[in-house]
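S.K.: One structure coming up, written as structure tokens, with questions to follow.
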Amino acid sequence: MSDLLHTLEAKRVTLGVSGGIAAYKSLDLASKLVKAGCEVTVVMTENATKLISAKSFEAITSKSVLTSMWNTSREFKIPHIDVRNDTDVIVVAPATANIIGKFASGICDDLLSTTLCSCWAKPILIAPAMNTQMWTNPLLQRNIRLIKDLGVAITGPQQGSLACGEDGIGRMSEPETIVNDLCQLLAK
Ligand SMILES: Cc1cc2nc3c(=O)[nH]c(=O)nc-3n(C[C@H](O)[C@H](O)[C@H](O)COP(=O)(O)O)c2cc1C
């Protein structure tokens, strides 16, 4: 684990989870962040909730998971603005081709994409995870360049065996790597 781990202590981390098969690995990521002393707020897309339960993240983070702009609470009256005001850094893991495309295009049609749009000036780390053909798609690569130009950091994807049974580039960075990259981003 990074010797910069102390940079995470008391940091308010927003963990965006979109609808990729690697979403289950983000439970381990959330757990590592909590152990490092972070306050973790999870924002899931509707599609992510079909792959993994919000309840699991709630058990790990001891906080309600946000999935909609319209389920407001005393803490989150206008969720995408309140999340921005309460966050030091945002990490999206896994980041689908869809959420990357929406971020790069300024599309805000759910809570995670709207939060990303409102957080663009904060430190952001994106962990793409998808099938190799999706990752090598020139449109996806253009979107990655666009968000990199905005100053967004990207971790992975890695080469290896993919959930679809293929072998190639597209695996989400391992949670430990994401934590290390987050430390590097915050240490800048
Ligand atoms: C079982 C399953 C696994 C999926 N895994 C991925 C993935 O790893 N990466 C990806 O970009 N899309 C994946 N998709 C497709 C996305 O879920 C789909 O594009 C969806 O619209 C993404 O929505 P979101 O970005 O709002 O979460 C998967 C779909 C299914 C049914």
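No value in this document is a laboratory result; all are computed from the given coordinates. Worth saying up front: this structure is predicted, and the values here are computed from it rather than measured. Here the Cβ is made from the backbone with ideal geometry for all residues, glycine too, and neighbour counts use every protein chain on show.
S.K.: If I stretch the segment between C117 and T72 completely, what's the gain in nm (0.36 nm per residue apart, minus their alpha carbon distance), one decimal? Before the final figure, lay out the partial values.
M.R.: Values: separation 45, 0.36 × 45 = 16.20 nm, distance 1.90 nm.
Extra length available between C117 and T72 comes to 14.3 nm.
S.K.: Same structure, new question: How large is the dipole of the chain about the Cα centre if only Lys and Arg carry +1 and Asp and Glu carry -1, each at its Cβ, rounded to the nearest 20 debye?
M.R.: Values: 18 positive and 18 negative charges, 54 e Å.
Once rounded to the nearest 20, the dipole reads 260 debye.
S.K.: Out of L116, L185, L15, whose Cα points farthest toward the positive end of the dipole of the chain (charges: +1 Lys, Arg; -1 Asp, Glu; placed on Cβ)?
M.R.: The residue sitting most towards the positive pole is L116.
S.K.: In addition: Go through G170, T45, F103 and say which Cα lies farthest out towards the positive end of the charge dipole of the chain; charges sit on Cβ, +1 for Lys and Arg, -1 for Asp and Glu.
M.R.: Projecting each Cα onto the dipole axis, the largest value belongs to F103.
S.K.: Working out 0.36 nm times the residue gap between D86 and H6, then minus their Cα-Cα distance, what length gain in nm do you get to one decimal?
M.R.: On the way: separation 80, 0.36 × 80 = 28.80 nm, distance 1.97 nm.
Difference between extended and current length: 26.8 nm.
S.K.: Right, another one. Determine, for S64, S113, the number of other Cβ atoms within 10 Å of each Cβ, and report the residues in order from fewest to most. List each step's numbers first, then the result.
M.R.: Values: S64 15, S113 23.
By the 10 Å Cβ count, ascending: S64, S113.
S.K.: Also: For T136 and K63, compute 0.36 nm times the residue count separating them, minus their Cα-Cα distance, and round to one decimal in nm. Please list the in-between numbers first.
M.R.: Details: separation 73, 0.36 × 73 = 26.28 nm, distance 3.62 nm.
In short, 22.7 nm is gained.
S.K.: Hey, what number do you get for the chain at 222 nm if only DSSP H runs of n ≥ 4 count, each worth -39500 (n - 2.57), divided across all residues, to the nearest 500? Walk me through the numbers before you get to the answer.
M.R.: Details: 9 runs with 77 residues, N = 188.
Computed mean residue ellipticity for the chain: -11500 deg cm²/dmol.
S.K.: Under the Kirkwood approximation applied to all pairs of distinct alpha-carbon atoms, what is the hydrodynamic radius of region 18-79 in Å? Walk me through the numbers on the way to the answer.
M.R.: Details: mean 1/r = 0.0831 Å⁻¹.
Computed over region 18-79, the radius equals 12.0 Å.
S.K.: Follow-up. Out of all DSSP beta bridges with both ends in region 5-187, state the antiparallel percent to the nearest 5.
M.R.: Details: 4 of 21 bridges.
If we restrict to bridges inside region 5-187, about 20 percent are antiparallel.
S.K.: According to the Kirkwood expression over distinct Cα-Cα pairs, how big is the hydrodynamic radius of the chain, in Å?
M.R.: Numbers: mean 1/r = 0.0616 Å⁻¹.
About 16.2 Å, per the Kirkwood formula over Cα pairs.
S.K.: Please work out the Cα center distance from region 46-93 to region 18-39, rounded to the nearest Å.
M.R.: Spelled out, the Cα-based centre of one part sits 13 Å from the other.
S.K.: Also: Order of R142, R84, R74 from fewest to most other C-beta atoms within 10 Å?
M.R.: Details: R142 11, R84 20, R74 5.
Placing the least packed residue first, the sequence is R74, R142, R84.
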